[in-house]
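Below: the structure, in structure tokens.
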Amino acid sequence: MSLDFEQVRKISKLSRIKMTDDQINKMRFELEKIFNHIDVIKNADTEKVEPTGHSVDLDSVFRNDVVENSTSVKDVLRNAPDTEDDFFSVRKII
Amino acid sequence: MFKDEFKNLTIHQARELLDSKEISSKELTTVFLERIESVDQLTNSYISVTGEFALEQAGFADEKIKNGNQSFLTGIPMQLKDNMSTKGIKTTCASKMLENYIPSYNCTVAQRLFSEGAILLGKGNLDEFAMGSSTENSYFHSTANPWDLEKVPGGSSGGPAAAVSADECLFSLGSDTGGSIRQPASFCGVVGMKPTYGLVSRFGLIAFASSLDQIGPITKDVQDCAIVLESISGYDSKDSTSIKNTHQDYVANLKTDISGMKLGIPKEYFPEGMDESVKKLVYQAIEEFKKLGVEIQEVSLPHTDYALAVYYIIAPSEAAANLARYDGVKFGFSSKGNLEDIFDDIETTREGGFGQEVQRRIMMGTYALSAGYYDAYYLKAQKIRTIIRNEFNQVFKDVDALITPTAPTVAFNLGDVIDPLQMYLNDVFTQPANIAGLPSISIPCGISEGLPVGLQLMAAPLNDSNVLKLAYAYEQSTGWHDLKSPIAKGI
């Protein structure tokens, strides 16, 4: 498989990681090498095989809607880079 | 017993001394804090040391013991890998992204251990976000192998494995997504176990790949491993993948007879060109199991060759989704872009906050999940996951457990492996157990070139007890676990 510059640029955009042209080129080379190895999966016959998402079979978990003490706002906001009153603060979005 | 010999104790030995009041938890904790002070500059196995908190906890533990309310781990000093959330104590995941992050809650395993009265000495080093096999990807510093300070301790739980091997704690907890407990345990000559997926709660473990991650013990011997597993395992309503009704008496079952049990040798785990000395030591172990009355038979798991590729699609895909939360808004590192646009801020934050390997894995996962490639990569990998799981199920109809090497080689030099793909090959024997959710342990089985070699045992899901009792019988008959690293011997 091969990846062109624009494809890797697009993946970095989707990943929301800023990259310089040099970083894109380096990443392109590394991803190609890794995916060339990963491409062995094409040889496996998976017709009529169901996918496995988890190794254990999962049931939906339900619980009663009970009011409990929650984490304090102060504790949570302590880790926030920027706050105003009891809110996270970000740049204007719209 | 001299005070400086306390560091050599196992959990079960320390328990006897604590219960007979020959030593207090405060004294024991002080021994380990002094030990870390003098030795950790060589191994760098800790990211942070929580001395004050530890001594305070030790005081409570001594009260408990005095009142006769102790259990296995009351008063026992431990380390936790720094991707396990500890309330009020920095939890960094060895990343610049979380360099100053202070959780507002405890992960379930920490909560259980604290309730029992275990003492937290500090947080162990790891590859950033547990992505790596050498602990060289830590944002803070690499960790050295106590057997040879020029070598890596393995990874990603390199800090925990090195700390146990260097007697810098009585036990530690690691997390294992593709071998991150077992491979470092093998490299550092200690015991490391990845339990059945769902046996130990992942609540509060900073997520890497949610369908593969599992917390487990890193200890000096198998008995300690069973003790720790018994404390941390069991249903947790806060983890929706937690399995109900799993309680087993791991410690009580440890010493039951193993003769007549059947052990399979999967031929795919002994490929052409593998390290001959590793192969030889594992075959010697197989002979030892025969002497213990275990029946040996060769088995085949033909899709083993696909496991690495399947792993490197599934794990990065789940990581790409899990790490989407690091946006510089709610917590963690934050950096402003120059476009006065929030998305530019997020991209700049993630470029600055994540290291190379983490960025690479996010990119791999994003690509595998992106439109047009999803079926060819992610869905295909999930289907092969089914085949791999079915092959294991089939084999476990014939045998009780499988024996393989833990890693293809012994510990390599720090700085030697720079190619990402070559680094990934380290986990080729350990990843299948994560893909299929199997319990799996690495225990020491000898020395090659002055460095420890580990063997791996795997069993069907929820047969953790079988893995432990086979490991215990082998350990007791060979004594490889008694060999100490030069740092532990004080050389």
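A short reminder: the numbers here are calculations on the coordinates, not readings from a lab. Bear in mind the structure is a predicted one, so any value in this text is a computation, not a measurement. Positions of Cβ are backbone-derived with ideal geometry, glycine not excepted, and every protein chain shown enters the neighbour counts.
Could you please rank A:R63, A:R9, A:R28, B:R325, placing first whichever residue has the fewest other Cβ atoms within 10 Å of its Cβ? Walk me through the numbers on the way to the answer.
Numbers: A:R63 7, A:R9 15, A:R28 19, B:R325 11.
Placing the least packed residue first, the sequence is A:R63, B:R325, A:R9, A:R28.
GNM, chain A, Cα, under 10 Å: largest mean-square fluctuation among A:L14, A:L77, A:L31?
In this elastic network of chain A, the residue with the biggest mean-square fluctuation among A:L14, A:L77, A:L31 is A:L77.
Hand me the GluC sites (Glu not before Pro) from segment B:1-105 located in a DSSP loop with no more than 12 other Cβ atoms within 10 Å, in residue order please.
Filter output for segment B:1-105: B:E22.
In units of 2.2 N^0.38 Å, what is the alpha-carbon radius of gyration of chain B?
Rounded to two decimals, the normalised Rg is 0.92.
Quick one: grab the alpha carbon gyration tensor of chain A, order the square roots of its eigenvalues as a ≥ b ≥ c, and give me rounded if a/c is under 1.5, else prolate or oblate depending on whether a/b is larger than b/c.
Here chain A falls in the oblate category.
Mind listing the phi-derived Karplus ³J(HN,Hα) values for segment B:274-282, rounded to whole Hz, using 6.51, -1.76 and 1.60 with θ = phi - 60°, and x for any glycine or proline?
Result, rounded to whole Hz: 6, 3, 5, 5, 5, 4, 4, 5, 5.
Please work out how much length the chain gains when fully extended from B:E22 to B:Y283, using 0.36 nm per residue of separation minus the C-alpha to C-alpha distance, in nm with one decimal.
89.7 nm
How far apart, in nm, are the 7 Å Cα→Cβ label points at A:T71 and B:E99?
2.2 nm
Only sites in a loop by DSSP and with at most 16 other Cβ atoms within 10 Å count here; which chymotrypsin sites (Phe, Trp or Tyr not before Pro) in segment A:25-94 make the cut?
Counting only loop positions with at most 16 other Cβ atoms within 10 Å, the chymotrypsin sites (Phe, Trp or Tyr not before Pro) in segment A:25-94 are A:F62.
If R₀ is 30 angstrom, what is the calculated FRET efficiency for the pair B:F2 and B:S448, using the beta carbon separation as r and rounding to 0.05?
E(calc), rounded to 0.05, equals 0.35.
With a Förster radius of 25 Å, plug the Cβ-Cβ distance of B:T10 and B:N69 into 1/(1 + (r/R0)^6) and report the FRET value to the nearest 0.05.
That gives a FRET efficiency of 0.65.
Can you put B:I387, A:I93 in order, fewest other beta carbons within 10 Å first?
So the residues, fewest neighbours to most, are A:I93, B:I387.
Quick one: check the C-alpha center-to-center distance for segment B:74-143 versus segment B:358-381, whole angstrom.
Taking the Cα centre of segment B:358-381 as reference, the centre of segment B:74-143 is 29 Å away.
Subtract the Cα-Cα distance of A:D21 and A:D4 from 0.36 nm times their separation in residues, and report this length gain in nm to one decimal.
On the way: separation 17, 0.36 × 17 = 6.12 nm, distance 1.23 nm.
So the extension gain works out to 4.9 nm.
Within 10 Å, count the other beta carbons around each residue, average over each peptide in B:457-465, B:174-182, and list them highest first.
For the peptides B:457-465, B:174-182, the packing ranking is B:174-182, B:457-465.
Efficiency by 1/(1 + (r/R0)^6): what FRET value for B:K291 and B:K262, r their Cβ-Cβ distance, R0 = 22 Å, to the nearest 0.05?
Details: r = 15 Å, r/R0 = 0.70.
With R0 = 22 Å, the Cβ-Cβ based efficiency is 0.90.
Given the convex hull of the Cα atoms of the protein assembly as shown, what is a quarter of its surface area in nm²?
Projected over every direction and averaged, the Cα hull of the protein assembly as shown covers 27.1 nm².
Using a 7 Å offset from the Cα along the Cα-to-Cβ direction at both B:L379 and A:D45, what is the distance between the two label points in nm, to one decimal?
2.1 nm
Give, in nm to one decimal, the length gained when the segment between B:L425 and B:N390 is fully stretched (0.36 nm per residue of separation minus the Cα-Cα distance).
10.3 nm
What ranking of B:F187, B:F270, B:F429 emerges when the number of other C-beta atoms within 10 Å of each C-beta is taken as an exposure proxy, fewest first?
Values: B:F187 35, B:F270 16, B:F429 29.
Ordered from fewest to most neighbouring Cβ atoms within 10 Å, B:F187, B:F270, B:F429 come out as B:F270, B:F429, B:F187.
Counting only residues 5 or more places away or on other chains, whose amide H sits under 5 Å from the amide H of B:K81 once H atoms are built in the peptide plane?
B:G124, B:L173
Starting from segment B:330-371, pick out the trypsin sites (Lys or Arg not before Pro) whose DSSP state is loop and whose Cβ has at most 14 other Cβ atoms within 10 Å.
When the trypsin sites (Lys or Arg not before Pro) of segment B:330-371 are filtered for loop state and at most 14 Cβ neighbours within 10 Å, nothing remains.
Quick one: what are the phi-derived ³J(HN,Hα) couplings along segment B:382-398, Karplus 6.51/-1.76/1.60 with θ = phi - 60°, whole Hz, x for glycine and proline?
5, 6, 5, 4, 4, 5, 4, 5, 5, 4, 4, 4, 4, 5, 6, 6, 9
If I model a spin label as a point 7 Å beyond the Cα along the Cα-Cβ vector, how far apart are those points for B:K238 and B:F343 in nm?
Modelled inter-label distance: 3.6 nm.
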